[in-house]
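Worksheet for the structure shown next.
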Amino acid sequence: MKRHSRSVWKGLAAGAVGGLVGTIVMTEYQNAITRVKKAARKNGDGHPPRQEQKKEDPATVKAAQAIAKSVSGKSISDERKEIAGQVVHYAMGIVSGAVYGMLTERARTRRPATGLLFGTGVWAIADEVAVPALKLSDMPWKYPASIHANALAAHLVYGGTTWAVARGIRASL
């Protein structure tokens, strides 16, 4: 990587793009894991398992709903919940990536481990602390360890991708 002067703004921009790409890759990773789990749950005769109970909205949808109610006083329609949840998910990924880019610019570190530590931090702070504290999910101990492990793995994918993309962009600036 070529030497360059510190620029928090360039770090922010590179991190935001890294966060966007990281969120895309993380989402695809989660979708792939979901497909694998669904295939594994099929009965031996190839039929899907008995009807599962209706799941509640994900935390991103609940957050979007809370934002909509506080801004407009109205709820998001059922038809728009999924897209609203994705907007929250991507906004969180981009903003987190931007913060990461600024911090690494200030710290002058660009080692791969920083991306993995970043992903772990986002998981711990957002999923394990903020989301339950905001009552967007149950408390962490109410979920099996496998749920936490899957979420951590997805955030490691996010952090590693964010690191790689931000590093590549920043090296070219």
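Values quoted throughout were computed directly from the atomic coordinates according to the rules given, and no laboratory measurement underlies them. As the structure is a prediction and not an experimental result, all values here were calculated from the model. With ideal geometry, Cβ positions are generated from the backbone for all residues, glycine too; neighbour counts draw on all protein chains shown.
Here are some notes:
- With Cα atoms, 0 to 90° folded angle of helix 59-72 axis to the chain main axis: 80
- Modelled spin-label separation between A153 and W9, with each label point placed 7 Å from Cα along the Cα-to-Cβ direction: 4.2 nm.
- Cβ-defined net charge surrounding T120, 11 Å radius [Lys, Arg +1; Asp, Glu -1]: -2
- Extension gain from Y143 to T120, taking 0.36 nm per residue of separation minus the Cα-Cα distance: 6.5 nm
- Of T120, T162, T34, the residue with the greatest mean-square motion in the GNM of the chain, using alpha carbon springs below 10 Å, is T34.
- Rounded tilt (10° steps) of 81-107 against the dominant C-alpha axis of the chain: 30
- At an R0 of 30 angstrom, the distance between the Cβ atoms of T34 and S172 translates into a FRET efficiency of 0.30.
- Whole-Hz couplings from phi, Karplus 6.51/-1.76/1.60, listed for the range 163-173; x for Gly and Pro: 4, 4, 5, 4, 4, x, 5, 5, 5, 8, 8
- In the chain, the calculated helix contribution to ellipticity at 222 nm averages -23000 deg cm²/dmol per residue, counting -39,500 (n - 2.57) for every DSSP H run with n ≥ 4.
- Given K37/K135; K42/K81; K38/K62; K55/K135, the pairs whose alpha carbons are separated by over 22 Å: K37/K135; K42/K81; K38/K62
- Recomputing Cα Rg over 2.2 N^0.38 Å from the coordinates shown identifies the correct label among (1) 1.06; (2) 1.17; (3) 0.97 as (2).
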